[in-house]
């Protein structure tokens, strides 16, 4: 027996009572066997199940649902399965969007000519992208676990030490070449910093200019978007039909579009 909410989620008329085969038929073919098997094990062995599955309603609407079920009845002889069904379409879409942004950011970091240098709270290197390795002249394996002070001259070592002290007490970076942004966890604890670097040897061999960095990386979708927005070039991911899926603020500025262009279904 389905509740009104379960009927709504499955796109069925109120008080609809489909048999098991009809109920399972609303799910894609390649998931029906696992759903049938889950019900069978519950009734035959008393084994509960917890599944996340795609669903297509009779109206053609695609959704994701979370199914939790357990057998009930006499001990050793269950005769029915009860449980709950949740519409998790929005959360799955959020996860998908976050993965897309993460993939785009990772692609940019790995392919950009700008150097990204990640350090922890003790100024020890935790990661560096290929461009940063090229700038420093070391493979990534030789950078990991080493202090940033091992790779700078005396003049810049003093600047770095001053900047790290400023970040430790929460003071934003000033006019120094290194404008590193602190990274915090979800509880507000400082984990480290990220800095974006540029090799300007051809233009100014006497010194190495440090570029402005991204906003603090957070462990949410906003973390990734803010990082994209800090990059000075306009960056956008556009679908085949011209719709903007991901974009930073610079794209909006260049095109004269709303700042929240990635959520406006804008078409190029």
Worksheet item: Tell me, which helices (runs of 4 or more DSSP H) wholly within region 65-145 include 3 or more residues that are buried (at least 17 other Cβ atoms within 10 Å of the Cβ) and in contact (Cβ under 8 Å) with a residue 12 or more places away in the chain?
Response: 89-111, 130-136
Worksheet item: Among the residues of region 125-145, which ones are modelled with pLDDT of 85 or more and more than 19 Å from residue 107 (Cβ to Cβ)?
Response: 125, 126, 138, 139, 141, 142, 143, 144, 145
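The values are calculated or read from the model by the stated rules, or taken from the named source; none is laboratory data. Computed from a prediction, not measured in an experiment: that's the story for all the values here. All Cβ positions, glycine included, derive from the backbone under ideal geometry; neighbour counts span all protein chains shown.
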